[in-house]
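Have a look at the structure below, then the notes.
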Amino acid sequence: MSEQPYKNVYNLTSEQIESLDSAENLMEMHDLNASEELLLKMLEEDPQCIPVLNNLGVLYGKHFCEFEKAIEYYSKVLEIEPDNAWARDERRRYQRYASYD
């Protein structure tokens, strides 16, 4: 296995990294249901995995337009990691979208 091009700040296992890569690839290929299934399975195994929560936020907000669900996942990230600026910004964006529903 080649060296990772990024620092593993969340101490993810190699299995988690491979699964996240797979979920992201599935999203890119628009196999959204398979990506959702994989991410939700990962979340069951580790309910506080920030990369999984963030990816679910992306999936529900950007791809499914389920803004309330996206907000829920970004809020969970912020409960665990209050200084996560990316999750805070994404949550704020989807809160604006949700207010137009």
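Before moving on, here are some points about what is shown:
- Shape category assigned to region 3-56 from the gyration tensor of Cα positions, a/c cut at 1.5: oblate
- Taking every alpha-carbon pair under 8 Å whose residues sit at least 6 apart, the chain reaches a relative contact order of 18 percent.
- Value of [θ]222 nm, deg cm²/dmol, for the chain, DSSP H segments ≥ 4, -39500 (n - 2.57) each, nearest 500: -21000 deg cm²/dmol
- The stretch between Asp46 and Ser22, if pulled fully straight at 0.36 nm per residue, gains 7.0 nm over its current Cα-Cα span.
- Solvent-accessible surface of the chain, taken per residue with a 1.4 Å probe and all protein chains present: 65 Å².
- Packing, taken as the mean count of other beta carbons within 10 Å per residue, orders the peptides 55-61, 22-28, 67-73 from highest to lowest as 55-61, 67-73, 22-28.
- Modelled label reach - Leu32, point 7 Å along Cα→Cβ, region 58-93 residues with backbone N closer than 16 Å: 58-71
- Helix 85-98 vs. the chain, principal-axis angle (Cα, 0 to 90°, nearest 10): 40
The values are calculated or read from the model by the stated rules, or taken from the named source; none is laboratory data. Fair warning: this is a prediction, and the values are worked out from it, not measured in the lab. All Cβ positions, even for glycine, are placed from backbone atoms using ideal geometry, and neighbour counts span all protein chains on display. Quick note on the areas: whole protein, heavy atoms, side chains included, nothing else; ligands and nucleic acids left out. Shrake-Rupley method; radii C 1.70, N 1.55, O 1.52, S 1.80 Å.
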